[in-house]
Amino acid sequence: MTPAAGRTGPVCGVVLAAGAGRRLGTPKALLEVDGRRLVDGAVAVLRDAGLDDVVVVTGAAPVEVAGARVVDNQGWRSGMGSSLRAGLAAAEGSAAVLLMVVDTPGIGAAVVRRLLDAFAEGATVAVATYDGAPRNPVLLGREHWAAAGRLAVGDVGARAFLSAYPELVTPVECGDVGDPGDLDTAEDLRRLDS
């Protein structure tokens with residue numbers, strides 16, 4: 001794919017933070033790492049990268065977050081797909097969304113800026129890769145939201161869309177500036193502390 005140069009328009013940051021964190025025993029949004037809740041850290045990353053509009057999709061736990069609009073996903077129990085759709089709906093008026101999961105504290109503003117640069121250069125779908133492997137975050141241009149929402153079923157977010165339309169994906173290498181490791185278990189937390 002050769003992207004058209006010069007894409008512009010507002011990008012909305014969307015933090016998916018609705019899960020109960022069953023394996024951790026607490027909703028990940030409320031989990032503190034280095035004295036800060038994961039949800040606050042994710043919002044700070046998006047803001048530091050230059051995004052003015054940030055949405056946090058919650059569900060399992062009520063969360064108030066400074067610097068973001070909070071959207072309560074009543075259907076959070078059905079999985080990440082419903083949170084993705086809630087985030088897309090809340091981003092109405094934006095040209096693209098930058099989707100970030102709440103439990104990736106090793107992803108900083110430098111990663112987000114690279115995806116935003118790819119969008120500005122014409123990418124309509126951009127995915128952060130680490131040593132070539134696609135992970136989070138993901139940027140979706142508005143023209144792909146309907147398809148991404150339809151394919152996001154159960155506990156699958158944007159991954160189903162990315163798999164269905166690989167020709168649209170612009171990989172953006174971020175292995176030198178970020179760590180995509182997520183926090184699912186107590187062992188993951190120990191790894192983070194070491």
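Numbers for the structure displayed
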| read-out | value |
| --- | --- |
| Candidates Val63, Val57 - the one that is without any contact (Cβ under 8 Å) to a residue 60 or more places away in the chain and either small (Gly, Ala, Ser) or within 15 Å of Leu140 (Cβ to Cβ) (or both) | Val57 |
| Filter pass, Gly108 being at pLDDT 95 or above and in contact with a helix residue (DSSP H, G or I) (Cβ under 7 Å, 6 or more places away or on another chain) | yes |
| Every residue from the range 119-133 that is on the phi < 0 side of the Ramachandran plot and out of contact with any Lys or Arg (no Cβ under 9 Å at 6 or more places or on another chain) | Val125, Tyr130, Ala133 |
| Tally of residues being in contact with a Gly (Cβ under 8 Å, 6 or more places away or on another chain) and of a type outside the set (Gly, Ala, Ser) across the range 155-178 | 5 |
| So Arg150, is it within 22 Å of Arg36 (Cβ to Cβ), at pLDDT 95 or above and not hydrophobic (A, V, I, L, M, F, W, C) | no |
| Close pairs (6 angstrom Cβ cut-off, 6 or more residues apart or separate chains): surrounded by 24 or more Cβ atoms within 10 Å (Cβ to Cβ) in the range 78-89, assigned to a helix (DSSP H, G or I) and among the aliphatic types (A, V, I, L, M) anywhere | none |
| Top-ranked residue of the range 117-140 - restricted to ones that are surrounded by fewer than 21 Cβ atoms within 10 Å (Cβ to Cβ) and touching a residue at least 60 places away in the same chain (Cβ under 8 Å), ranked as farthest from Met80 (Cα to Cα) | Glu121 |
| Any hit, the range 59-70, residues being touching a Leu at 6+ places or on another chain (Cβ under 9 Å), over 24 Å from Thr8 (Cβ atoms) and either crowded, with 24+ Cβ neighbours inside 10 Å or at pLDDT 95 or above (or both) | no |
| Given (1) outside any helix (DSSP H, G or I); (2) touching a Cys at 6+ places or on another chain (Cβ under 8 Å); (3) surrounded by fewer than 22 Cβ atoms within 10 Å (Cβ to Cβ), index of the condition Glu92 fails | (2) |
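The values are calculated or read from the model by the stated rules, or taken from the named source; none is laboratory data. Worth saying up front: this structure is predicted, and the values here are computed from it rather than measured. Here Cβ is always computed from backbone atoms with ideal geometry, including for glycine, and neighbour counts include all displayed protein chains.
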